[in-house]
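Here's the structure we're looking at; comments come further down.
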Amino acid sequence: MNIYNPVFVDCTASDAVSSIYKDILRSNISIVTANKAAASSDYENYSEIKKIGKQKGVKFLFETNVGAGLPIINTLNDLVNSGDKILKIEAVLSGTLNYIFNTISSDIPLSLTIKMAKDEGYSEPDPRIDLSGIDVARKVLILARESGYEIEMDEIKINRFVPDSFFQGTLDDFWQNISKLDEEFEQKRIKLAAENKRWRFVARFENGIAEVGLQEVDSKHPFYDLEGSNNLVIYTTERYQQFPMLIKGYGAGASVTAAGVFADLIKVSNI
């Protein structure tokens, strides 16, 4: 149809949709996507998609892959493109998990917080994707790649806080069994509260090594005061070494994600 400045918008989580990105870009059509499948696929595929976009002079924008509408990837791109070097990334990147660990209390056990996160629209339809740490691993993978590092998903160490057995079987099995962890987590929560500490599921990338897992942070740590489903990313770079850069705000939810997709769409339309 030879339409001026066309854009393909992908708000799915589908591998099948992301598999046609190369053909779309080769057809001189820009892509705006909230779908993490392409940017977190094998490095060769990720690299080729970006290369085709540059060759064709079209955009491949995926700001909402990490932190919903927060300017996490865009800021990272600005740092790298202006000659800065990323030395370390520390981040709380799961709005779902942050919501869970901010909501858990003596009255609200772990199993109920997971259900609440799903009902509020923060979690994936299958919350095990969030609980497994895979979603956070994908996000730190994308940030590491955008920082200029060649890294694959299987190189990221994922430290789960829920036993592997809960990720087997059906989703119904999971809902029936997850309450078995409530008492154990309540005992841990009481001990944590007595030490004035909080749980945060943290992603780290430094010296080419990426890792995600549950950490206990005290009141002096920037992650301590994160409320609700907020995300926080800390970039330590050659320029921002003594005082690292912090980006903080809503990191989950339909409205902020939609706003982030729309912002990317406007960037393409303003070419």
Checklist outcome for this item: Quick count over region 8-22, residues being touching a residue at least 24 places away in the same chain (Cβ under 8 Å), crowded, with 20+ Cβ neighbours inside 10 Å and not acidic (Asp, Glu), is 1
Item to check | Check on residue 94, in contact with a helix residue (DSSP H, G or I) (Cβ under 9 Å, 6 or more places away or on another chain), surrounded by 15 or more Cβ atoms within 10 Å (Cβ to Cβ) and free of Cβ contacts under 8 Å to residues at least 40 places away in the same chain | outcome: no
Item to check | Scan of region 198-252 for residues that are of a type in the set (Val, Ile, Thr) and loosely packed, with under 14 Cβ neighbours inside 10 Å, ordered by number | outcome: 209
Checklist entry - When you look at residue 247, is it of a type in the set (A, V, I, L, M, F, W, C), in contact with a Ser or Thr (Cβ under 9 Å, 6 or more places away or on another chain) and either outside any helix (DSSP H, G or I) or within 24 Å of residue 108 (Cα to Cα) (or both), yes or no? => result yes
Item to check | Selection count where residues are out of contact with any Phe, Trp or Tyr (no Cβ under 8 Å at 6 or more places or on another chain) and either outside any loop (DSSP other than H, G, I, E, B) or closer than 27 Å to residue 122 by Cβ (or both), scope region 53-89 | outcome: 18
Checklist entry - Out of 108, 178, 134, 142, which single residue is crowded, with 18+ Cβ neighbours inside 10 Å, of a type outside the set (Gly, Ala, Ser) and free of Cβ contacts under 8 Å to residues at least 60 places away in the same chain? => result 134
Checklist entry - Does residue 117 fit the bill of being at pLDDT below 95, of a type outside the set (Asp, Glu), crowded, with 18+ Cβ neighbours inside 10 Å and in contact with a Ser or Thr (Cβ under 9 Å, 6 or more places away or on another chain)? => result yes
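What about residue 108, is it assigned to a helix (DSSP H, G or I), of a type in the set (A, V, I, L, M) and over 20 Å from residue 152 (Cα atoms)? So that I can check it myself, show each step before the final result.
Details: assigned to a helix (DSSP H, G or I): no; of a type in the set (A, V, I, L, M): yes; over 20 Å from residue 152 (Cα atoms): yes.
So residue 108 does not fit the description; no.
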Checklist entry - If we scan region 51-60, do we find a residue that is modelled with pLDDT under 95, in contact with a Gly (Cβ under 8 Å, 6 or more places away or on another chain) and crowded, with 21+ Cβ neighbours inside 10 Å? => result no
Next on the checklist: With the structure loaded, tell me whether residue 74 is out of contact with any strand residue (DSSP E or B) (no Cβ under 7 Å at 6 or more places or on another chain), among the polar types (S, T, N, Q) and within 17 Å of residue 265 (Cα to Cα) or whether it fails that test.
Outcome noted: yes
Checklist entry - Do we find that residue 25 is crowded, with 23+ Cβ neighbours inside 10 Å, of a type outside the set (Asp, Glu) and free of Cβ contacts under 8 Å to residues at least 60 places away in the same chain in this structure? => result yes
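Of the residues that sit in region 1-36 and are of a type in the set (A, V, I, L, M), closer than 13 Å to residue 64 by Cβ and part of a loop (DSSP other than H, G, I, E, B), which one is farthest from the chain's Cα centre (by Cα)?
Out of the qualifying residues, it is 13.
The values are calculated or read from the model by the stated rules, or taken from the named source; none is laboratory data. Values in this document were obtained by computation on a predicted structure and should not be read as measured data. With ideal geometry, Cβ positions are generated from the backbone for all residues, glycine too; neighbour counts draw on all protein chains shown.
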